[in-house]
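**Student:** Below you will find the structure I want to go over with you.
Derivation of every value follows stated rules applied to the coordinates shown; laboratory data play no part. Since this is a predicted model, take the numbers as computed values, not measurements. Cβ placement follows ideal geometry from the backbone for every residue including glycine, while neighbour counts extend to all protein chains displayed.
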Amino acid sequence: MVESQIKMRRDVEVQTRRQVIVDATRRLVAERGIEAASMDEIAAAVQYTRRTLYAYFKSRDEILLQVFSEDLADRWAVQQVAVTEVETGLAKIVAWGESLFGYARERPSSVRLQAYWSFKGIDRAKINDALFADFESLNDELTEGLRAIFRLGVADGTLRPDLKIDLSISQFVYGLRTAIDRALSPGYSFARFDAAEYVEYFLDLFTRGVRRQKESA
């Protein structure tokens with residue numbers, strides 16, 4: 001009994017310290033960018049040694065993936081609420097996109113982390129198996145949720161009946177991410193535009209392509 005209580009306290013302590021590291025890394029990324037979130041900077045932020053960090057995380061990538069996974073779970077919760085407020089598949093696609101933009105606007109660091117993983121890829125050798133399994137499960141849940149929306153749209157007649165759903169989902173997600181990244185980018189652009197209008201215009205163009213056309217009389 002005593003041994004189990006000691007183990008439980010140790011597990012809680014480990015989880016608490018891991019969360020301190022993750023939260024500090026999230027602040028570094030938000031305030032100074034991903035490049036600033038080195039192991040040395042993370043260690044300094046939590047007042048641990050670099051060696052101590054490795055007692056809790058396998059690599060810098062593992063810490064960043066934990067940050068991203070938590071953000072992804074929060075974002076998905078927001079999107080699930082948004083899509084329940086409209087009825088049709090077509091309307092839910094728009095709500096899904098608008099809620100993603102809203103979340104990204106509040107947490108622009110989440111956009112940078114998404115781009116980081118899309119460009120870099122995940123080196124499984126640097127990631128704990130349990131963490132990757134949780135991340136993969138969350139991604140599968142997100143994908144299936146969006147797939148259900150597209151299927152609903154085909155079934156309720158708001159989307160084209162010949163729609164290739166998985167291709168449409170992939171192009172929708174990657175196109176939307178790019179539009180949001182461009183809209184929220186603080187860097188130079190040859191064109192000036194309102195961020196919300198930029199994303200709404202993308203959503204309008206995409207939904208025009210997938211919506212069911214009215215049959216001519």
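**Student:** With each label point set 7 Å from Cα along the Cα-Cβ vector, what nm distance links Asp194 and Arg32?
**Tutor:** If labels sit at Asp194 and Arg32, their model points lie 3.7 nm apart.
**Student:** Can I ask one more? Evaluate the distance, in nm, between pseudo-label points positioned 7 Å from the Cα of Glu41 and of Arg147 along their respective Cα→Cβ axes.
**Tutor:** My value for the distance between the label points is 3.8 nm.
**Student:** With +1 on each Lys and Arg Cβ and -1 on each Asp and Glu Cβ, how big is the dipole of the chain about its Cα centre, in debye rounded to the nearest 20?
**Tutor:** 420
**Student:** Kindly provide the helix-only [θ] at 222 nm of the chain, computed as the sum of -39,500 (n - 2.57) over DSSP H runs of four or more divided by all residues, to the nearest 500 deg cm²/dmol?
**Tutor:** About -26000 deg cm²/dmol.
**Student:** At a Förster radius of 22 Å, what calculated FRET efficiency corresponds to the Cβ-Cβ distance of Asp23 and Val78, to the nearest 0.05?
**Tutor:** Here the calculated transfer efficiency is 0.70.
**Student:** Please check which bits of the stretch 35-53 a label hung off Glu13 would reach, taking the label as a point 7 Å along Cα-to-C-beta and the cut-off as backbone N under 17 Å.
**Tutor:** What the label zone holds, given the 17 Å backbone N cut-off, is 48-49, 52-53.
**Student:** Label-point separation (nm) for Leu184 and Glu106, each offset 7 Å from Cα along Cα-to-Cβ?
**Tutor:** 1.2
**Student:** Rounded, prolate or oblate for the stretch 60-210? Axes are the square roots of the Cα gyration tensor eigenvalues, ordered a ≥ b ≥ c, and the cut-off for rounded is a/c under 1.5.
**Tutor:** oblate
**Student:** Here's a follow-up. Given R₀ = 41 Å, FRET efficiency for Asp156-Thr52 by Cβ-Cβ distance, to 0.05?
**Tutor:** My answer for the efficiency is 0.15.
**Student:** Another question about this same structure. Scan the chain and note any complete DSSP helix (H) whose C-alpha atoms cover at least 27 Å along its axis and whose Kyte-Doolittle average is 0.5 or more.
**Tutor:** Sorted by number, the helices that extend far enough and score high enough are 165-184.
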